[in-house]
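Notes to accompany the following structure.
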Amino acid sequence: MSFRICTIGCGGMATSGHGPSYKKYAELNEGVELTACCDLFEEKAKEFMQKFGFVKYYTDIDKMLDTEKPDAVCLVAPVNLTMPLSIRLMEKGYPIIMEKPPGLDREETLKMINAAKKYNVPNQVAFNRRYAPVIREGYSILKQFKPEKIENIRYDFYRVGRKDADFSTTTIHGIDTVKFLARSDYEYVSFTYQELPNTPIGNIFLNGRFKSGATFQINFCPASGIVMERATVSLYSNTVFINVPVLGSVDAPGKVMHLSNNEIVKEITGYELGEFESMFEYSGFYAENAEFFDCIREGRRPEGDIRSGLQSVEIADCIRKKLPEYVDAR
C-alpha cells in the first residue's frame, strides 16, 4: 500500500528546500508516492511536478484533495495564508506539516492548536533549524547537561541587505532555535530597536532569561556585511560554539565545537555528520520532512507540533509590534 503525499505551494521556499526533500524521501523509501502538487499559478505547479517527480499538478486545493485523498499534506504558503489554509486542511482530517510561523500572533496560533485538537489531526511546524545536523549535534552535546547548568546563550543572526516590511517572520527562526537549545521556556525578554539608514527594519536586540535560569542575548542585524547565524552557549567550565548553515552563509555546511577548560572536546563539521552537501540537507529541510512522514507512516505524533511554536510566535509578534518587553504569563 502506497503512502501518498500532496503539497500546496510551489514557490521559492518550496522549490529550494522542500521539493528536493520530498524527492529524496520518495527515492529512499519504498511505497512512497509524490501524488500531486498545487499552486494558483499553473506554470509553477507544472514545473514543480516535473522537477521533483510528482504524478500530477493542480491549481485548485479542494479538487486536488478530494480527488487524490493523500495520507499527508505539506503546506508551504505565504504567512498570511498559513492559518486559514491549515485549519481548512485539518477540518478535512489531513495530517499536515506547515512552514513557519504557525500563525502571525497568539490568537491565530491558538485557533490552529484548537483545530488540531478538535479534529485530532497530527501536525508539525517546519522549524528547519531544529533539524539541521549541526544544531542537532550541538543539542546532543548540551543534553549531557541539565538545562539549569546552561548559564548563557548568545545568538548572532546577521543578514545582508534585507528590507522586509515585516522581518519578524524571519526573526522567529532565531527565537525558536535559542529556545530549542535552552530546553526551557522564555521567562522575560526585553527588546531594543536601533534604526538604520536606507532600511525600514533596523537592528533588533533581545535580552532576557529563561525559566531554567539561563540568560540570553539574540542580535538581529538584517543589513550587515555577512550572512550568518552563530550560537555561543556558556556553561561552567564548558563552551559550545555552533556555526549554523543557512542559505548563503559563509559557514555552510556549519560546524560545532565543544571546549572544556580551554581544551577541545569535540570539533565536527556538517560534512562529517553525513552526506550533507546540499542546502536542503544541511539546513534541516530534509530531516524535518522525513521525520513528519515517518511519524505519520508509523502512527506516531510529531514532537514539533503547533503548540511547540506558540511562545516563539508570541515573541516574534512583540517584534512586529515593536513592544519593549515580553513576560511569560503561563
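The values are calculated or read from the model by the stated rules, or taken from the named source; none is laboratory data. Because the structure is predicted, anything quoted here is derived from the model rather than measured. In this analysis, Cβ positions are derived from the backbone assuming ideal geometry, glycine residues included, and neighbour counts consider all displayed protein chains.
Scanning segment 312-330 for residues that are buried (at least 19 other Cβ atoms within 10 Å of the Cβ) and either acidic (Asp, Glu) or under 15 Å from residue 124 (Cα atoms) (or both) returns 312, 313, 314, 317.
Among residues of segment 244-266 that are under 11 Å from residue 141 (Cα atoms), those with a beta-carbon under 9 Å from a residue that is at pLDDT 95 or above and of a type in the set (Gly, Ala, Ser) at least six positions away or on a different chain give the pairs 256/138; 258/138. Of the residues making up segment 142-175, those that are more than 20 Å from residue 265 (Cβ to Cβ) and not aliphatic (A, V, I, L, M) number 18. Of all residues in segment 121-152, those satisfying the criterion of being in a strand (DSSP E or B) and touching a Leu at 6+ places or on another chain (Cβ under 7 Å) are 150, 151. Taking the criterion of being crowded, with 17+ Cβ neighbours inside 10 Å and either of a type in the set (Val, Ile, Thr) or not in a helix (DSSP H, G or I) (or both), the residues of segment 279-303 that qualify are 283, 284, 296, 302. Any residue that is surrounded by fewer than 23 Cβ atoms within 10 Å (Cβ to Cβ), farther than 20 Å from residue 290 by Cα and under 18 Å from the mean Cα position of the chain (by Cα) - is there at least one of those in segment 110-123? Yes; the residues of segment 110-123 include at least one that is surrounded by fewer than 23 Cβ atoms within 10 Å (Cβ to Cβ), farther than 20 Å from residue 290 by Cα and under 18 Å from the mean Cα position of the chain (by Cα). The set of residues in segment 54-103 that are part of a helix (DSSP H, G or I), in contact with a Phe, Trp or Tyr (Cβ under 7 Å, 6 or more places away or on another chain) and either basic (Lys, Arg) or surrounded by fewer than 16 Cβ atoms within 10 Å (Cβ to Cβ) (or both) contains only 91. Does residue 208 count as modelled with pLDDT of 95 or more, surrounded by fewer than 15 Cβ atoms within 10 Å (Cβ to Cβ) and over 26 Å from residue 79 (Cα atoms)? So residue 208 does not fit the description; no.
Listed by first and then second residue, the pairs with beta-carbon distance under 8 Å, at least 6 apart or on different chains, first residue in segment 99-111 and over 17 Å from residue 171 (Cα atoms) and of a type in the set (A, V, I, L, M), second at pLDDT 95 or above and surrounded by fewer than 23 Cβ atoms within 10 Å (Cβ to Cβ), are 110/310.
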